[in-house]
Structures are given as structure tokens and as C-alpha cells.
Amino acid sequence: MGKVNVGLRGWRFAEADIFNDDGMFKQLEEIPKDDRQRLLRLVSLVEQPCDACRLIHGDDEIHRATQAAIVYGEPNDEVVLCAEHEADFRYWYQEAGGSDYRGTADFDDAFEEWFDDGGRAPEDFGSVDHVDTDPETLPDPPDAEELNAMLSEGYEPERIDLREYVDDETAAAAEDALADDDLGDIETDYPTADE
């Protein structure tokens, strides 16, 4: 088994880590943690507009942005792009210092700042030729409802008593502070419907 993209190009998964013998997605708890985090994040990214298009068109014209096709970076600090803007990202990463931000929380912000300041790949920089070997044989990633059902299956809520985590000295100090009743003059006026 090889490596595959799911939903967007960029993040690659070992087939054996995410698919069962029937070629369907494994249960979430069976998927390695890093892959599971990426898969969960992909659910919200596959419908997102390209970050570069979003910067060009702005929130008021977001409908003009192209849907993302590629993802780079780490979950929650990623950059999503359409095919047209992938070369700009690759240029930033390879030639304009973007690799310095690899694995950092500033990764996405640094790219957006560079792009927003007019950073672009030269026309002769070239693009990546992606090879789609057989995308029709891959199952569709679960949608948000399916993921919620998978996460909820067998979930038993657990009551946590925070008092177990407080030592006796801290608890006594908190009780003394409340007993002193030195809260000052607390008067709160709440707005009414006619204000």
C-alpha cells in the first residue's frame, strides 16, 4: 500500500494507517493520532476557499474565491490553496523564507502577510504536476455528521470533581477569602428593555 491524499492534495496518509481491509476508513480510535488530527481537520477544510483568493477578493466578495484543492502546513496553522496559487506558495516556501516558519504557529500568518504585501511567484517559476492515479477508488472522507456519530459512539460522559485537584491549603485560603466578605460595594445595574 502506498500514500494517498484525502479530500485535498498535500497531506499524505499511509493507506494502511487509515483504511481497513475492505478499503473503508478505519474507526477513528484505530487511526494514529497525527493522521486522525489531520483527517478531522480536513473535514472543515475541503469546502474552504483558497487563502490567496480570499485575500485578493476580501470577505465581501468571497464568493469569487476558488475552492481550496491543496493544503500545506500543520493542522490549525495550515494554508489552503487553489491550483492557481500553489506556485505562489511554493515560491514563498522555497525562495522567500517561508521554510523558516515550517511547523510553527506563524506558518499560515506569515504566508498570508507575504502574499497580502504583493508577494508572488515569478511567471517562470513553474507549477507542480500532480498525478492522480485512481481517485475514484478512494472512499469519500466522512462529513461532519458522520464524524460526530463516530466520536459519539460508545462515549460515556464522566463527571469530574475539581475539588480533587485542590490541596487543603488552597481550599482553606479560598474559604477564608469568601468568609472575610471583603468584596467591597458590589452593585450591578443591568440594562432594562427600555434602555
Kirkwood calc, segment 18-85, C-alpha pairs only, radius in angstrom 13.3 Å
Name the residues whose placed amide hydrogens come within less than 5 Å of the amide hydrogen of Q48, ignoring near sequence neighbours (fewer than 5 apart) on the same chain. A68
Under 5 Å between amide hydrogens, which residues at least 5 positions from G10 or on another chain qualify, with H placed 1.01 Å from N in the peptide plane? V71
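Since every read-out is calculated from the coordinates, none of them should be taken as a lab result. Please read these numbers as outputs of a predicted model, since none were measured by experiment.
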